[in-house]
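Peer 1: First the structure, then my questions, so here it is.
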Amino acid sequence: MGKKKILIIVGILAAAALAWFLLAGGKNKQTVTFEKAKVEKTMMQSTITATGTIEPVTSVTVGTQVSGIVAKLYVDYNSVVHKGQVIAELDKTNLASELKTQQANLSSAQSTLNYEQANHNRYKELYEKGLVSANEYETARLSYLKAREQVTTAREGVQKAQTNLGYATITSPIDGVVLSKSVEEGQTVAASFNTPELFTIAKDLTDMRVIADIDEADIGGVREGQRVMFTVDAYPEDHFNGQVTQVRQQATTESSVVTYEVVISAPNAELKLKPGLTASVTIYTMEKPDVLAVPVQALRFMPSEAILSEGQKIEDVQAQHKVWTLEGNTFKAHQIETGITNGTLTEVKSGVAEGTEVLTGFTIEGGDAEEAQQNGNPFMPKPKNNRQNGNNQQKK
């Protein structure tokens, strides 16, 4: 065989090898891995979170209606008090003196009344006998009426002075615990324009509540009776339970943020919860047990030709809601009826049985993975349609 002929054969073989490499080995083979999830029963929950403040259900601010010097305090912070118990006294010197003055005024007015009444009776007899004029009789009657009114006024003055003297003895209006004390012995309190605050008493620290601020976007899902779980920084490992007892209608706007107050019960048998603590609140706006559900990704999954391996095919159905299974080499769509959703799971009322494995996504390795991901994922941007673009250009 000639040298020239050998070179020609070698060249043909090299070209064939190059062609084989370009057609068979030049492009990496892609591997598609599918993600699956079982259709199974679960507890469907939907929650919203917020922050709130712990406070007693009932608290009373105790003040004084009279001015004076605080003579004696009988309670301090955290003191347990009972309804009617004396908790403080003001100096009574001036108040007692005022009572004596009013009593003296009443005695004087009563004496005047006695005289004017006797005078009126005498003039009345003389007038009936024609011995005095009508004018004289009317003058005596008017003096008697004025004296009677003065007695009434003096009697009211005595009653007011007695009441003010009673106000100097300050008692607890409820059974409870003293949360705060605003005065000390010897301090002067003035009740001229408003009632001075002396104490704050909480009725029952075993019965607390949380006042939570709920955003306007979430308030529509909050209802009385819903279960609540909350934590406080003082006891980070503890979880406290309560329920929504009131949804207040009054809105609060701060920095253009609108919130509504929601009242949450907070049983406090161990007295761990203290007034003023900040609570991190979770309100369960929806709880439905034993719900057949699938992840929401299963409703978004859509197979395409770009992710099919050799021999695989697609059996689709026209439906608003559907999930996909891989049965052998067939991607099969199943029409389902959906129910409630919490953003993570969706209820399946019918269409697939419990335990069915449905497709939720896929990953691709090798080959033109980027193109396959775009064609196989409905949420990836699609390439432009050249024909459509051309039509648009012609219209222009």
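Peer 1: Need a quick list: strands (runs of 3 or more DSSP E) entirely within the stretch 40-80 having at least 1 residues that are open to solvent by less than 60 Å² (accessible area, probe 1.4 Å) and closer than 30 Å to Val352 by Cα. It would help to see each step written out before you state the result.
Peer 2: Working: elements: 40-56, 59-63, 68-73.
Counting at least 1 such residues, we get 40-56.
Peer 1: For Thr139, are the conditions met, namely being assigned to a strand (DSSP E or B), among the β-branched types (Val, Ile, Thr) and open to solvent by 60 Å² or more (accessible area, probe 1.4 Å)?
Peer 2: Taking the combined requirement at face value, the residue does not satisfy it.
Peer 1: When residues of the stretch 161-176 are filtered for being buried (at least 19 other Cβ atoms within 10 Å of the Cβ) and within 13 Å of Ile87 (Cα to Cα), how many remain?
Peer 2: Going through the stretch 161-176 one residue at a time, the tally reaches 4.
Peer 1: How many residues does the stretch 275-289 contain that are loosely packed, with under 15 Cβ neighbours inside 10 Å and closer than 15 Å to Val57 by Cβ?
Peer 2: The total comes to 1.
Peer 1: Could you check the stretch 309-396 for strands (runs of 3 or more DSSP E) lying wholly inside it with 1 or more residues that are over 43 Å from the mean Cα position of the chain (by Cα), among the aliphatic types (A, V, I, L, M) and modelled with pLDDT under 90?
Peer 2: Of the strands (runs of 3 or more DSSP E) lying wholly inside the stretch 309-396, those with at least 1 residues that are over 43 Å from the mean Cα position of the chain (by Cα), among the aliphatic types (A, V, I, L, M) and modelled with pLDDT under 90 span 357-365.
Peer 1: While we're on this one: Could you give me the residue pairs with C-beta distances under 8 Å whose first residue belongs to the stretch 180-196 and is at positive phi, whose second residue is open to solvent by less than 70 Å² (accessible area, probe 1.4 Å) wherever it lies, and which are 6+ apart or on separate chains?
Peer 2: Sorted first by the residue in the stretch 180-196, then by its partner, the pairs are Gly186/Val70.
Peer 1: How about the stretch 123-135: which of its residues are in a helix (DSSP H, G or I) and either on the phi > 0 side of the Ramachandran plot or surrounded by 13 or more Cβ atoms within 10 Å (Cβ to Cβ) (or both)?
Peer 2: Kept after step one, since they are in a helix (DSSP H, G or I), are these residues of the stretch 123-135: 123-128, 134-135.
Tyr123, Lys124, Leu126, Tyr127 - these are the residues of the stretch 123-135 that are in a helix (DSSP H, G or I) and either on the phi > 0 side of the Ramachandran plot or surrounded by 13 or more Cβ atoms within 10 Å (Cβ to Cβ) (or both).
Peer 1: So, one more: Of all residues being touching an Asp or Glu at 6+ places or on another chain (Cβ under 9 Å) and hydrophobic (A, V, I, L, M, F, W, C) in the stretch 325-339, which is nearest to Glu357 (Cα to Cα)? Just the residue, please.
Peer 2: The residue in question is Leu326.
Peer 1: Tell me, please, whether a residue that is more than 60 Å from the chain's Cα centre (by Cα), assigned to a helix (DSSP H, G or I) and over 30 Å from Val281 (Cβ atoms) can be found in the stretch 148-158.
Peer 2: Here is the first cut: in the stretch 148-158, the residues more than 60 Å from the chain's Cα centre (by Cα) are 148.
Now narrow it down to the ones that are assigned to a helix (DSSP H, G or I): 148.
Now narrow it down to the ones that are over 30 Å from Val281 (Cβ atoms): 148.
Yes - at least one qualifying residue is present in the stretch 148-158.
Peer 1: Looking for something closer than 20 Å to His82 by Cβ, in contact with a strand residue (DSSP E or B) (Cβ under 7 Å, 6 or more places away or on another chain) and surrounded by 15 or more Cβ atoms within 10 Å (Cβ to Cβ) - is there at least one such residue anywhere in the stretch 181-194? Let's see the steps before the verdict.
Peer 2: To start, the set of residues in the stretch 181-194 that are closer than 20 Å to His82 by Cβ comprises 181.
Keeping just the survivors that are in contact with a strand residue (DSSP E or B) (Cβ under 7 Å, 6 or more places away or on another chain) gives 181.
Going one step further and asking which of them are surrounded by 15 or more Cβ atoms within 10 Å (Cβ to Cβ), we end up with 181.
Within the stretch 181-194 (the criterion being closer than 20 Å to His82 by Cβ, in contact with a strand residue (DSSP E or B) (Cβ under 7 Å, 6 or more places away or on another chain) and surrounded by 15 or more Cβ atoms within 10 Å (Cβ to Cβ)), the answer is yes, since at least one residue qualifies.
Peer 1: Now a separate question. Condition first: under 30 Å from Ala202 (Cβ atoms), in contact (Cβ under 8 Å) with a residue 24 or more places away in the chain and open to solvent by 30 Å² or more (accessible area, probe 1.4 Å). Can you find one or more residues in the stretch 290-298 that meet it?
Peer 2: No: zero hits.
Peer 1: Please find, within the stretch 319-334, the residue that is surrounded by the fewest Cβ atoms within 10 Å (Cβ to Cβ) out of those that are of a type outside the set (A, V, I, L, M) and under 12 Å from Thr360 (Cα atoms).
Peer 2: Among those that are of a type outside the set (A, V, I, L, M) and under 12 Å from Thr360 (Cα atoms), it is Thr325.
Peer 1: Does the stretch 256-275 include one or more residues that are free of Cβ contacts under 8 Å to residues at least 24 places away in the same chain and farther than 30 Å from Val358 by Cα?
Peer 2: Filtering the stretch 256-275 for residues free of Cβ contacts under 8 Å to residues at least 24 places away in the same chain gives 256, 270.
Subsequent filtering for residues that are farther than 30 Å from Val358 by Cα retains 256, 270.
The answer is yes; a qualifying residue exists.
The values are calculated or read from the model by the stated rules, or taken from the named source; none is laboratory data. All values derive from a computational prediction rather than experimental measurement. We place every Cβ from the backbone using ideal geometry, glycine too, and count neighbours over all the protein chains shown. The area values use the complete protein model at the heavy-atom level, side chains included, leaving out ligands, DNA and RNA. Shrake-Rupley method; radii C 1.70, N 1.55, O 1.52, S 1.80 Å.
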